[in-house]
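Would you mind keeping the following structure in view while I ask a few things?
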Amino acid sequence: MSNSGMLLRLSGSLRGALSTRRRRTADEWVPGRNGGEAEQLFLRAKALFRMGDGETAIRLLRQASEIAPGFSDALEAEGEALDMSGDVATAAARYEEARRLRQTGRPGAPDRHFVLRQQGAHTAEIVAYTRVLKSLRKFALPHLARGNAYLADGQPEMALADYERALKLQPESLDALALKGEALSARGRYAAAIEVLDRVISARPKDPDSLNARGIAHMALGHIDQANADWRHQLELLGGRPAASAYVALRLAGYVVALPHLETMAGNDGRDPYWTLYLRTALLRLGRPLSDKGTVEGDSWVASLMRPGRHGRPPCRGAVPTRRRSPCRGSVCRPLVLAAGGRPGRADPRRACSGPQ
């Protein structure tokens with residue numbers, strides 16, 4: 001048996017030992033993006049650390065990081081344990097590695113709900129809120145908070161369960177209702193999502209996030225006019241915020257409207273090469289000369305799209321590879337896809353993503 005397997009068996013009863021009663025299903029922890037084995041090691045390491053066994057906790061956390069090299073929460077927790085044990089230099093290195101990993105992750109689309117802009121692994125938050133729910137399950141806020149962590153972690157089915165519990169405890173919560181609509185849409189239940197979001201927008205007609213979400217659900221069902229109407233209304237409410245306005249305009253294939261916002265973002269956010277990609281795509285769709293503004297350094301996939309083709313232009317049409325998964329997720333790619341194939345002034349339903357937005 002491997003050391004990892006032995007440690008898992010030896011520490012397998014820790015969660016039961018921490019509580020003398022059987023947990024309800026609502027209080028159970030469910031593995032997320034980093035995989036079950038790595039996250040079980042993380043969970044047990046945290047329990048051991050609370051019980052004073054920092055040495056074993058550090059060993060478990062290192063194994064979790066070996067299984068899932070991008071598991072920043074495990075690196076940060078190891079840094080905390082090392083810090084408490086007096087190994088300040090190694091702790092600082094772990095903190096820095098965790099920070100670097102989080103910086104390399106791409107945020108969600110800026111025109112989406114705040115929760116969906118926090119895409120990535122949220123294991124530590126899910127575990128923490130699960131622990132809180134052991135004693136505060138009759139309060140809506142912890143359910144809502146854990147639902148948000150699940151949704152950002154890419155687990156909409158778990159998020160939906162938490163949002164529904166929050167609504168049972170606080171039926172008037174429009175925030176929980178709006179996020180329920182987002183989770184339903186991420187599950188592919190677009191008609192149900194529209195029904196829920198209709199209720200939110202009826203009560204809050206100037207809610208840009210809910211308008212965006214309803215537009216995406218309409219587009220997924222082929223309701224082009226309704227989707228465009230929601231996105232136009234959202235664009236009016238954004239007040240010229242460049243990042244979000246650029247994305248909404250590209251959803252509408254409104255390249256003239258998107259262009260100044262894209263120029264602003266390509267100049268201001270040099271860390272994100274996709275702004276340059278979107279800017280050049282918009283210029284090509286408008287038949288204008290390509291801009292030198294922005295950079296594509298640091299992202300090989302984006303750089304490959306910018307390499308000149310046979311006619312000296314980037315290969316924008318059909319540029320999104322079919323066999324290789326893009327490093328960006330779902331709605332982050334949507335503006336490029338719409339810009340590459342949609343008709344100006346009208347979004348193309350064939351380009352709508354069916355996955356989580």
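The values are calculated or read from the model by the stated rules, or taken from the named source; none is laboratory data. Owing to the predicted nature of the structure, the values given are computational and were not obtained by experimental measurement. Because the Cβ atoms are built from the backbone with ideal geometry, glycine has one as well, and the counts that use them run over all protein chains shown.
I'd like the residue in region 130-169 that is surrounded by 17 or more Cβ atoms within 10 Å (Cβ to Cβ) and not in a helix (DSSP H, G or I) and, out of all such residues, is farthest from the chain's Cα centre (by Cα).
155
Can you go through 195, 182, 236 and tell me which one is at pLDDT 95 or above, in a helix (DSSP H, G or I) and under 22 Å from residue 125 (Cβ atoms)?
Just a single option satisfies the conditions, and that option is 182.
Kindly provide the set of residues from region 89-126 that are crowded, with 20+ Cβ neighbours inside 10 Å, farther than 27 Å from residue 197 by Cα and either β-branched (Val, Ile, Thr) or not assigned by TED's automatic domain parsing to the domain that holds residue 44 (or both), ordered by number.
Within region 89-126, 123 is the sole residue that qualifies.
What's the number of the only condition in (1) surrounded by fewer than 17 Cβ atoms within 10 Å (Cβ to Cβ); (2) in contact (Cβ under 8 Å) with a residue 24 or more places away in the chain that residue 71 fails to meet?
Single failed check for residue 71: (1).
So, residue 131, is that one in contact with a helix residue (DSSP H, G or I) (Cβ under 6 Å, 6 or more places away or on another chain) and without any contact (Cβ under 8 Å) to a residue 60 or more places away in the chain or not?
Taking the combined requirement at face value, the residue does not satisfy it.
Of the residues 258, 229, which is more than 30 Å from residue 192 (Cβ to Cβ), assigned to a helix (DSSP H, G or I) and more than 22 Å from the chain's Cα centre (by Cα)?
On inspection, the qualifying residue turns out to be 258.
Exactly one condition in (1) of a type in the set (A, V, I, L, M, F, W, C); (2) surrounded by fewer than 24 Cβ atoms within 10 Å (Cβ to Cβ); (3) touching a residue at least 24 places away in the same chain (Cβ under 8 Å) is not met by residue 229; state its number.
Among (1) of a type in the set (A, V, I, L, M, F, W, C); (2) surrounded by fewer than 24 Cβ atoms within 10 Å (Cβ to Cβ); (3) touching a residue at least 24 places away in the same chain (Cβ under 8 Å), the lone unmet condition for residue 229 is (3).
Is there a residue in region 213-220 that is outside the structural domain of residue 73 (by TED's automatic domain parsing), at pLDDT 95 or above and surrounded by fewer than 24 Cβ atoms within 10 Å (Cβ to Cβ)?
yes
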